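The values are calculated or read from the model by the stated rules, or taken from the named source; none is laboratory data. For clarity, every value in this text was computed on a predicted model and none was experimentally measured. As a convention, Cβ positions derive from the backbone with ideal geometry for all residues, glycine included, and neighbour counts pool all protein chains shown.
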Amino acid sequence: MQIRSENIIKRKINCKFILISLMTIFLLFLIGCGGPNNSINTNQSSNLIGGTVDPDPNQISETGDLNLKVHFLDVGQADAILIQLPNSQTMLIDAGNNDDGTIVVAYLKQQGVQTIDYLIGTHPHEDHIGGLDNVIRNFNISQIYLPKITNTTKTYEDVLLAIKAKGLKITTAQAGKKIIDQNNLQADFVAPVGSKYESLNNWSVVTKVQYEDTTFIFAGDAEAEAEVEMLASGVSLKADVLKIGHHGSRTSSSMPFLKAVSPMYTVISVGKGNDYGHPHPETLSKLSQLGIPVYRTDLFGNLEFISDGQNIAIKTMGKQMK
């Protein structure tokens, strides 16, 4: 089934036919009018830098178990990413601010989620782990991954108390740890590489998910220091889709890192009119220089990337969350 929303209006035009000698001429006009489209074919080059797009819907079956579906939730100046894996498992990376917990829970339930097999809190900042306690209370959780760094905030304490209340255990997330290893599906952590950082952002868990020939990297708030370490580790960072680090801050997305990933598309999770000036013009300029399209949650709302293992289609869902 083709992933697109399209209204097609067909109208028949009455035709008069004229007999001239031995030849009969039939005149038939068919007028079609295409409707709005919210799907984008990632096989086509697009000049989207938070602007317009060349829609050309992709042919991808929506059969659930055959696709990898990545939802970037519109939670303002925060991160929340739902990944529905082709093996019928579910991964959640971050859950927005404290006030976003109910929103994230409602979205997951709307998508039919009952169990979160892999719950990842990238680092202990409120805009990433704020809603995790709400998520933990409302779903069956199989595994929880956090970096080996603590914080003294009530937000972090609430997450730990929710984990303890369910009798769950935390698994330390660090570079080189593989969490899924199947024939056509791989998921592993490529950061944090080191063990000492002044900035909590550089403790960010960076997750790489590969489904057949398509790859996604989710960079949390990893800054240039963490990017240098990932590059030095020798791990392949090539990916089709990159979730830009730290909401498009100038402290992330160094040119060497962007070139190593060389994504077809990038996503920036960011709040409209935020106080930080995210995404920073310097970051957008780098992406423009490299000709990499950018999808921003402040402009498009919820985003869904769908991979059948070879192709990726994108659905812009509109401003539904905030």
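Does Val235 fit the bill of being of a type in the set (Val, Ile, Thr), farther than 19 Å from His123 by Cβ and surrounded by fewer than 19 Cβ atoms within 10 Å (Cβ to Cβ)? The answer is yes for Val235. Of the residues in the stretch 227-243, at least one is modelled with pLDDT of 95 or more, under 24 Å from Ser288 (Cα atoms), in contact with a Gly (Cβ under 8 Å, 6 or more places away or on another chain) and outside any strand (DSSP E or B). Considering Asp74, Asp117, the condition of being closer than 14 Å to Lys243 by Cβ, touching a Ser or Thr at 6+ places or on another chain (Cβ under 6 Å) and modelled with pLDDT of 95 or more is satisfied by Asp74 alone. Of the residues Ser236, Ser249, Ser253, Ser269, the single one that is more than 20 Å from Pro147 (Cα to Cα), without any contact (Cβ under 8 Å) to a residue 24 or more places away in the chain and hydroxyl-bearing (Ser, Thr, Tyr) is Ser236. If you go through the stretch 70-94 and pick out every residue that is under 14 Å from the mean Cα position of the chain (by Cα) and under 16 Å from Ser142 (Cβ atoms), you end up with 8. Whenever a residue of the stretch 112-134 is under 22 Å from Ala187 (Cβ atoms), its partners that are among the charged types (D, E, K, R) and assigned to a loop (DSSP other than H, G, I, E, B), lying with C-beta atoms within less than 9 angstrom and at least six residues away or across chains, give the pairs Thr122/Asp79; Thr122/Asp221; His123/Asp221; His128/Asp79; His128/Asp221. Applying a threshold of 7 Å to beta carbon distances and a minimum spacing of six or more residues, or different chains, the list of pairs starting in the stretch 171-191 at a residue that is farther than 24 Å from Leu231 by Cβ and ending at one that is β-branched (Val, Ile, Thr) and not in a loop (DSSP other than H, G, I, E, B) reads Thr171/Ile144.
Can you give me the number of residues within the stretch 218-256 that are within 16 Å of Thr283 (Cβ to Cβ) and aliphatic (A, V, I, L, M)? Qualifying residue count for the region: 7. Give the residues of the stretch 78-91 that are part of a loop (DSSP other than H, G, I, E, B), in contact with a Leu (Cβ under 9 Å, 6 or more places away or on another chain) and under 25 Å from Leu200 (Cβ atoms), sorted by residue number. Asp79 - this is the single residue of the stretch 78-91 that is part of a loop (DSSP other than H, G, I, E, B), in contact with a Leu (Cβ under 9 Å, 6 or more places away or on another chain) and under 25 Å from Leu200 (Cβ atoms).
When the stretch 144-167 is filtered for residues that are within 12 Å of Asp133 (Cα to Cα) and touching a helix residue (DSSP H, G or I) at 6+ places or on another chain (Cβ under 8 Å), the ones remaining, listed by number, are Ile144, Thr155, Tyr156, Asp158, Val159, Leu161, Ala162, Ile163, Ala165, Lys166.
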